[in-house]
Amino acid sequence: MSDPETMSDADAHAEITETILSYAEYVDSGESEKWAQLFCKDATFDEGNAVQGRAQIEALLPKLLKLFTATSHHISNIRINRTSTSEATATSYVYAWHRKHDGTDFEFWGRYIDLFAFEDDVWRFASRKVEQFGARGLNIKVDQAPRRKFTSS
């Protein structure tokens, strides 16, 4: 059993990174139950329409995956900030490729804004928000990431 009180920041970062990477693996392999276990019991998942609770989150994945014959999620730029012994925030970036049933592709570029909590001896998502930078091949409703504002000098 892990104890967040005695866990080093390096160990916490490693375990949280594993949770972030497992998210992509379980989505791509269609393992809804394992995917849902990455979330706290009362977690919130917001991909345009927020759902709360592990059961509702688990029910969401099959609905999303039935739109595609294959997916491949690529995670990068992971930044973790441990805010207390049992909580952390994180951001990570995602490129996700999806093959639609008609053989065409849907691509998504975005980021995840996460809150983690140490629950039942593991780091889990307390909340995950998906923000979109861009998409190609499918019209989806995901909150846009804030845009830079340029001014002339």
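Just a few scattered comments:
- Matching residues, segment 63-107, being under 13 Å from the mean Cα position of the chain (by Cα), polar (S, T, N, Q) and surrounded by 14 or more Cβ atoms within 10 Å (Cβ to Cβ): Thr89, Thr91, Ser92
- Matching option when the condition is out of contact with any Lys or Arg (no Cβ under 9 Å at 6 or more places or on another chain) and either over 17 Å from Lys129 (Cα atoms) or not charged (D, E, K, R) (or both), among Thr83, Thr89, Thr69, Thr44: Thr83
- Checking Pro4 against (1) surrounded by 14 or more Cβ atoms within 10 Å (Cβ to Cβ); (2) over 14 Å from the mean Cα position of the chain (by Cα); (3) modelled with pLDDT of 95 or more, the condition it does not meet: (3)
- Verdict on Tyr23 being surrounded by 14 or more Cβ atoms within 10 Å (Cβ to Cβ), assigned to a strand (DSSP E or B) and of a type in the set (Phe, Trp, Tyr): no
- Set Asp11, Asp46: member being touching a residue at least 24 places away in the same chain (Cβ under 8 Å) and of a type in the set (D, E, K, R): Asp46
- In segment 29-81, the qualifying residues are those that are part of a loop (DSSP other than H, G, I, E, B) and among the acidic types (Asp, Glu), and the one that is modelled with the highest pLDDT is Glu31.
- Test: residue in segment 117-138 that is more than 15 Å from the chain's Cα centre (by Cα), modelled with pLDDT of 95 or more and not charged (D, E, K, R): yes
The values are calculated or read from the model by the stated rules, or taken from the named source; none is laboratory data. Note that the structure is a prediction, hence the values are computed from the model and not measured. Cβ coordinates were reconstructed from backbone atoms using ideal geometry, including for glycine residues, and neighbour counts include every protein chain displayed.
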